[in-house]
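The values are calculated or read from the model by the stated rules, or taken from the named source; none is laboratory data. Computed from a predicted structure; not experimentally measured. Positions of Cβ are backbone-derived with ideal geometry, glycine not excepted, and every protein chain shown enters the neighbour counts. The protein model used for the area step is the full one, side chains on, heavy atoms only, and it has no ligands, DNA or RNA in it. Shrake-Rupley method; radii C 1.70, N 1.55, O 1.52, S 1.80 Å.
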Amino acid sequence: MNLKQTKFSAAVPVVANERLAADTFKITLDAPGFAPLVKPGQFALLRLPGRLDPLCGRPFAVYDADPASGRVEMIYLVVGKMTRILSDAAAGDTVELIGPSGNGWEVISGGAQRFPGDRLIMVAGGVGQTPFLLLARQFAQYRAQGKSAPDLTLLYGARGSERMPPLGDFARCGVEVITATEDGSAGYKGFVTDLIPRAAAGAESAVVAACGPKPMLRAVFHQASGLSLPCWTSLESPMSCGLGICFGCVVEYRTDEGKWDYRRTCQDGPIFDAYRLKWD
Ligand SMILES: Cc1cc2nc3c(=O)[nH]c(=O)nc-3n(C[C@H](O)[C@H](O)[C@H](O)COP(=O)(O)OP(=O)(O)OC[C@H]3O[C@@H](n4cnc5c(N)ncnc54)[C@H](O)[C@@H]3O)c2cc1C
Ligand code: FES
């Protein structure tokens with residue numbers, strides 16, 4: 001994979017860039033050539049045009065993409081150089097959009113239409129809800145068409161309520177949303193991972209999917225494996241090229257033969273079977 005093989009790469013106009021919570025923004029882009037290409041769980045690189053610093057695009061999950069209007073949304077946390085500059089972007093500015101990239105959630109079903117479980121427990125920390133909305137919407141559409149779809153639960157955790165973005169988009173897709181904060185300022189007081197056993201209770205075959213900071217993903221994996229549940233993680237590992245060239249995003253991965261090998265998060269992920277990753 002390189003830039004020539006990328007499906008979409010262009011400077012696109014910013015439609016809006018609004019603050020959702022502390023250090024958390026949603027950017028809306030007008031990208032009709034990009035929106036129809038996106039599969040749930042994929043990401044895109046955003047780059048600031050005309051700037052050499054930062055040089056490389058930064059990866060962000062595609063939160064929403066509407067092929068009809070061409071609108072594409074990403075939700076981002078301000079953590080460093082690029083996101084700080086991006087938070088000043090205004091309607092009419094442009095950003096470079098590259099992608100969509102990565103495997104997406106259909107890796108869970110191996111591309112088959114039928115999801116291998118009767119409940120999907122999505123566990124998100126920080127901005128970890130971002131790769132889940134398009135998946136939830138896809139299942140809502142299946143249900144509306146009379147097709148089979150799992151019950152959906154989103155367990156969302158943040159340090160405090162000031163960092164919690166609105167989650168109404170999920171409720172509108174029929175998702176049961178349960179929140180947790182470490183300081184108890186909203187929802188359950190404690191770690192979001194504490195909520196997994198109760199969310200799994202009553203399901204015949206629950207599947208856990210998680211996105212968030214590494215310590216949270218590790219805790220999700222330990223909870224899920226303790227309950228013998230399948231567990232998938234969407235990694236937010238730092239990337240350099242984001243295009244499969246530099247191997248700066250590799251993770252250790254257990255192969256079918258039980259040997260440790262490496263996989264590139266930007267090409268082979270970002271979604272991996274948690275049972276194949278190293279968590280210690
Ligand atoms: C597949 C994928 C999807 C992602 N989706 C989102 C999303 O939807 N919303 C969102 O806010 N972020 C997301 N991220 C993380 C996002 O890419 C980083 O926050 C961003 O690259 C930071 O860029 P920066 O220039 O602002 O920070 P930098 O100046 O590059 O770094 C600032 C600080 O953050 C650290 N850092 C940088 N990137 C990461 C990272 N990925 N994980 C942990 N620490 C990091 C650096 O070590 C440094 O300390 C995703 C990452 C991946 C790989
Ligand atoms: S970031 Fe360069 S290969 Fe993945």
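With all protein chains in place and a 1.4 Å probe, the accessible surface of the chain carries 50 percent carbon and sulfur.
Where does each of 173, 56 land when they are ordered by accessible area, with a 1.4 Å probe and the largest first?
On the way: 173 15, 56 55 Å².
These residues rank, largest area first, as 56, 173.
Computed from phi, the 3J(HN,Hα) profile of segment 234-246 under the Karplus parametrisation 6.51, -1.76, 1.60 (θ = phi - 60°) reads 9, 7, 10, 4, x, 10, 9, 6, x, 10, x, 9, 8 Hz, with x in place of Gly and Pro. Does anyone have the angle between helix 214-226 and the longest principal axis of the chain? Alpha-carbon axes, 0 to 90°, nearest 10? Taking the Cα atoms of the chain, the angle to 214-226 is about 30 degrees. Whole angstrom only: what separates the Cα centroid of segment 99-145 from the Cα centroid of segment 71-95? Answer, in whole Å: 25. Counting heavy atoms of the protein chains alone, residue 228 has an accessible area of about 100 Å² for a 1.4 Å probe. Listed values for segment 28-39 are Karplus-derived 3J(HN,Hα) couplings in whole Hz (6.51 cos²θ - 1.76 cosθ + 1.60, θ = phi - 60°), namely 10, 10, 9, 9, x, x, 9, 3, x, 8, 7, 10, and x replaces Gly and Pro.
Cβ under 14 Å from residue 165's Cβ, residue 165 left aside: what net charge do those residues give with Lys, Arg +1 and Asp, Glu -1? Mind dumping the intermediate values first?
Values: positive: 19, 26, 159, 163; negative: 18, 23, 64, 73, 162, 169.
Spelling it out: positives minus negatives among the neighbours equals -2.
Accessible area per residue for segment 105-276 is 45 Å², calculated with a 1.4 Å probe on protein heavy atoms, without ligands, DNA or RNA. For the chain, taking a cut-off of 4.7 Å between Cβ atoms, the unpaired cysteines are 56, 173, 211, 231, 249, 266. What's the magnitude of the charge dipole for the chain around its Cα centre, counting Lys and Arg as +1 and Asp and Glu as -1 at the beta-carbon? Answer in Debye, nearest 20. Dipole size: approximately 280 debye.
In percent, how large is the relative contact order of the chain, given Cα pairs closer than 8 Å and 6 or more residues apart?
Values: 639 pairs, mean separation 51.1, N = 280.
Averaging sequence separation for qualifying contacts and normalising by length gives 18 percent for the chain.
Restricting attention to segment 105-276, close to 25% of DSSP beta bridges with both partner residues there are antiparallel.
Exceedance of the 27 Å cut-off in Cα-Cα distance is limited, within the set 39/214; 7/278; 147/278; 81/189, to 7/278; 147/278; 81/189. Summing Lys and Arg as +1 and Asp and Glu as -1 over all other residues whose Cβ lies under 12 Å from the Cβ of residue 260 gives a net charge of +2.
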